[in-house]
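Data first, discussion second: the structure below is written as structure tokens.
The values are calculated or read from the model by the stated rules, or taken from the named source; none is laboratory data. Just so it is clear, the model here is predicted, and its values are computed rather than measured. No Cβ is skipped: glycine too gets one built from the backbone with ideal geometry, and neighbour counts run over all protein chains shown. Please note that ligands, DNA and RNA were not included when accessible areas were found on the heavy atoms of the full protein model with its side chains. Shrake-Rupley method; radii C 1.70, N 1.55, O 1.52, S 1.80 Å.
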Amino acid sequence: MAEAADTLRLEGVRKSYNTGTALETEVLHGIDLRLARGEFAALIGPSGSGKSTLLNVIGLLDPPNAGSLFIEGEEAGRLDDAQTTRLRGRAIGFVFQYHYLLPAFSALENVMMPVLAARGRPDDEMRATAAALLDKVGLTRWRDQKTSKLSGGQQQRVAVARALAMKPALVLADEPTGNLDTKSADGVFEVLRKVNRDSGTTFLIVTHDPRLAQRCDRIVELVDGRIVSDRPNSPASG
């Protein structure tokens, strides 16, 4: 059973596709991984190593074929579809390489979307929470601006705020700075870092950028569906 201090724990997780056919392929080969509350970890590895598959499994988007997965002490494999959806919405936030914002809506409205989906109608508390999150990511002046009018770095900051709307214990960030120039990437990364320090939110960040990985507290390396290295790191400054 997962310890209370664990935000995430994987035990012997395996993932295969085309199961039961001649084309069956195992992508993840017995993954053991634990993230304690408040950790800020990078997940690295070459293309095709299984990083996206692992993130989908952790994010409760794709169930494993074997092994156990715990989120905040709750074993996901014991949940039905509706319970899994509720756990994902409550405990996990997502930041993607492509921000997937709604361009016709304002930054504030985009941040409100996860809570709106959970509650069904907007209210003053929801608006206040979204505004506070935009303040946190440095977008106070742009909260009423349509996201189609924002820069790439600003749009990704909105995406970060949206990921935090449900106060998740775990944020999964898949190449969150992959489409940004160096200055914008640094700005978004510092927002993630600040949220981690201020709120104790656990982060797992997939990145191909070794410079950003070196600014995380821990680096987990995945090769051919296996963790080949898992080491603490003293973050580089700047």
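The figures follow:
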| quantity | calculated |
| --- | --- |
| Residue check for L134: at pLDDT 90 or above and either assigned to a helix (DSSP H, G or I) or open to solvent by 70 Å² or more (accessible area, probe 1.4 Å) (or both) | yes |
| Candidate set from segment 1-17 (those that are part of a loop (DSSP other than H, G, I, E, B) and either touching a residue at least 60 places away in the same chain (Cβ under 8 Å) or out of contact with any strand residue (DSSP E or B) (no Cβ under 6 Å at 6 or more places or on another chain) (or both)); member that is least open to solvent (accessible area, probe 1.4 Å) | A2 |
| Residues satisfying the stated conditions in segment 91-114, i.e. buried (at least 19 other Cβ atoms within 10 Å of the Cβ), at pLDDT below 90 and within 23 Å of L8 (Cα to Cα) | V95, P114 |
| Pair list, Cβ under 6 Å, 6 or more apart: segment 22-51 residue on the phi > 0 side of the Ramachandran plot, other residue outside any strand (DSSP E or B) | G38/G200; G45/K51; G50/G225 |
| Tabulated pairs, segment 66-84, first touching a residue at least 60 places away in the same chain (Cβ under 8 Å) and outside any helix (DSSP H, G or I), second surrounded by 14 or more Cβ atoms within 10 Å (Cβ to Cβ) and of a type in the set (D, E), C-beta under 7 angstrom, 6+ apart or interchain | F70/D6; G73/D6 |
